[in-house]
Amino acid sequence: MLINEEMKMAEVIHLNHHLLHVINRFGIQLGYGEKTVKQLCAEHELPLPFFLEIVNTFHDPSYFPVDAMLRFDAALLIRYLQQTHAYYLEFRIPEIEQYITRLTTDESWDEAVKRLIRDFFHQYVFELTQHIKREEDRVYPYVLALAHYLETGQGEKELVESLMHYSIQEYENEHDDVESKLFDLKNIIIKYIPRPKDSRILNLILHELFELEDDLHNHSHIENMILVPIVERMEKEFFALTRNGRHD
Ligand SMILES: [Fe+2]
Ligand SMILES: [Fe+2]
């Protein structure tokens with residue numbers, strides 16, 4: 001069952017509580033009362049189709065209306081992606097870090113196990129942070145400059161050309177690397193911890209890692225399946241315009 005505009009937001013959360021984080025990123029916080037999705041989007045000045053598509057891609061992984069999404073405003077999409085990055089770095093990762101600290105300060109755990117998990121986690125956080133930094137410093141500014149040039153035809157041509165060297169193909173491949181690091185970390189915990197006396201803290205860490213993985217998977221999916229095609233479409237327009245000299 002997909003989310004639609006007439007549903008009450010409270011029903012949406014009862015249907016799938018994992019959507020809470022996604023809905024929060026749009027600035028819609030708890031305390032929905034009897035309000036519908038449509039009413040809350042209007043209150044927050046959010047384009048309803050954009051909200052519904054993002055929420056439904058998260059809710060149902062088999063749902064992916066790429067054609068409709070290709071018409072979305074690049075700036076709106078980038079704002080959503082940046083909110084997601086902030087959620088990972090400022091909230092989700094520190095939360096997992098707290099559990100890891102609980103484990104590593106517990107004397108009953110073997111030192112080698114503690115070191116292994118801590119080192120692997122820090123390595124993963126480093127990779128994820130580097131990836132996010134590259135997106136925020138290079139990919140997103142490029143997309144915004146491209147959109148701005150196509151809209152106004154002014155001043156951005158050199159900027160777009162200088163940024164264009166970062167291949168969008170290379171960008172897509174990076175997502176697989178980040179995902180496989182997280183998978184390895186989960187696997188170490190599931191398979192290779194020698195007979196823990198009490199697994200509860202590990203269960204919590206694992207649960208958090210699975211949640212993070214789902215969220216990140218959806219985020220990368222949106223970047224690969226929506227952002228990249230939007231960029232490719234804009235690049236075509238950019239080349240057509242600059243070749244015809246219409247914007248010079
Ligand atoms: Fe991202
Ligand atoms: Fe990404």
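Restricting attention to segment 21-59, which residues are in a helix (DSSP H, G or I) and more than 21 Å from the chain's Cα centre (by Cα)? The answer is V37, K38, Q39, L40, A42, E43. Residue count for segment 189-232 under the criterion of being within 16 Å of ligand 1 (Cβ to nearest atom) and within 22 Å of L146 (Cα to Cα): the result is 13.
Within segment 38-55, one or more residues are touching a helix residue (DSSP H, G or I) at 6+ places or on another chain (Cβ under 7 Å) and farther than 22 Å from I226 by Cβ.
Filtering segment 211-231 to residues that are in contact with a helix residue (DSSP H, G or I) (Cβ under 7 Å, 6 or more places away or on another chain) and away from ligand 2 (no atom under 16 Å from the Cβ) leaves nothing. Regarding segment 11-29, can at least one residue be identified that is closer than 28 Å to E135 by Cβ, more than 16 Å from ligand 2 (Cβ to nearest atom) and among the charged types (D, E, K, R)? No: segment 11-29 contains no residue that is closer than 28 Å to E135 by Cβ, more than 16 Å from ligand 2 (Cβ to nearest atom) and among the charged types (D, E, K, R). Here D110 passes the criteria (1) in contact (Cβ under 8 Å) with a residue 40 or more places away in the chain; (2) of a type in the set (D, E); (3) crowded, with 18+ Cβ neighbours inside 10 Å except the one numbered (3).
Here, each number is a calculation from the coordinates, and none is a lab measurement. All values derive from a computational prediction rather than experimental measurement. In this analysis, Cβ positions are derived from the backbone assuming ideal geometry, glycine residues included, and neighbour counts consider all displayed protein chains.
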